[in-house]
Amino acid sequence: MQVSEVVRRKGREVYSIQETRTLAEAAQVLWQRQVGALVVKDRRGELAGIISERDIVRAIAENGPAGLEREVGAMMNPDVVTCDPQDRIERVMKLMTLHRVRHIPLREGDRLVGLVSIGDLVKHRLEEKTYEAEVLRELNVVRSG
């Protein structure tokens, strides 16, 4: 199954924040949108990184409450791993494990077309396995009945 199917079901909305905004502002957006990460954009509107809840917690742990006044660009992960909408779910899960990230943006050329989390992928895989188990149970009933 392709990762584009997961994005089709969950929605293509990609929430972002400018790298010059504060971590306090990023935390507000994360809470309001009920997401775990935001795409960070530079002054030109280009992909600059990703900021996650984990990055904000790290800033607070290192600097106390003053950490929330730091700029997003100072705490974001600038090494963004992306994938293609046609990539298989298994490949994207391997990328997440290899790079130790929980969110991966989907790109078509220069355009961001979605963002998936490990939770999105696990949920989809569980639904897929549950469906397979139900089909096998039904086949077993038909054969034995």
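Points to keep in mind about this one:
- Residue count for the range 19-34, restricted to those that are part of a loop (DSSP other than H, G, I, E, B) and either in contact (Cβ under 8 Å) with a residue 24 or more places away in the chain or more than 15 Å from the chain's Cα centre (by Cα) (or both): 3
- Some residue of the range 75-98 being modelled with pLDDT of 95 or more, of a type outside the set (S, T, Y) and on the phi > 0 side of the Ramachandran plot: no
- Whichever residue in the range 85-100 is in contact with a helix residue (DSSP H, G or I) (Cβ under 8 Å, 6 or more places away or on another chain) and in a loop (DSSP other than H, G, I, E, B) and, among such residues, is nearest to Q34 (Cα to Cα): P85
- For the range 1-18, the tally of residues that are farther than 14 Å from L115 by Cα and either among the basic types (K, R) or not in a strand (DSSP E or B) (or both) stands at 1.
- When the range 54-69 is filtered for residues that are surrounded by 18 or more Cβ atoms within 10 Å (Cβ to Cβ) and not β-branched (V, I, T), the ones remaining, listed by number, are D55, A59, G67.
- The number of residues in the range 38-53 that are surrounded by fewer than 17 Cβ atoms within 10 Å (Cβ to Cβ) and either in contact with a strand residue (DSSP E or B) (Cβ under 7 Å, 6 or more places away or on another chain) or closer than 15 Å to H99 by Cα (or both) comes to 1.
- Residues that are without any contact (Cβ under 8 Å) to a residue 60 or more places away in the chain, under 22 Å from R54 (Cβ atoms) and not hydroxyl-bearing (S, T, Y), drawn from the range 88-112: M93, K94, L95, M96, L98, H99, R100, V101, I104
- Taking the range 75-86 as the range and being without any contact (Cβ under 8 Å) to a residue 24 or more places away in the chain and touching an Asp or Glu at 6+ places or on another chain (Cβ under 9 Å) as the test, no residue passes.
Conditions tested, residue by residue: (1) within 16 Å of the chain's Cα centre (by Cα); (2) within 20 Å of A26 (Cβ to Cβ).
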{"residue": "I51", "(1), (2)": "yes, yes"}
{"residue": "V57", "(1), (2)": "no, yes"}
{"residue": "L68", "(1), (2)": "no, yes"}
{"residue": "M75", "(1), (2)": "no, yes"}
{"residue": "C83", "(1), (2)": "yes, no"}
{"residue": "R91", "(1), (2)": "yes, no"}
{"residue": "D110", "(1), (2)": "no, no"}
{"residue": "E132", "(1), (2)": "no, no"}
{"residue": "L139", "(1), (2)": "no, no"}
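- Cβ pairs under 7 Å, 6+ apart, first in the range 49-74 and farther than 20 Å from P105 by Cα and outside any helix (DSSP H, G or I), second of a type in the set (S, T, Y) and modelled with pLDDT of 95 or more: R70/T22; E71/T20; E71/T22
The values are calculated or read from the model by the stated rules, or taken from the named source; none is laboratory data. Predicted model only: the values in this text are computed from it and were never measured. Positions of Cβ are backbone-derived with ideal geometry, glycine not excepted, and every protein chain shown enters the neighbour counts.
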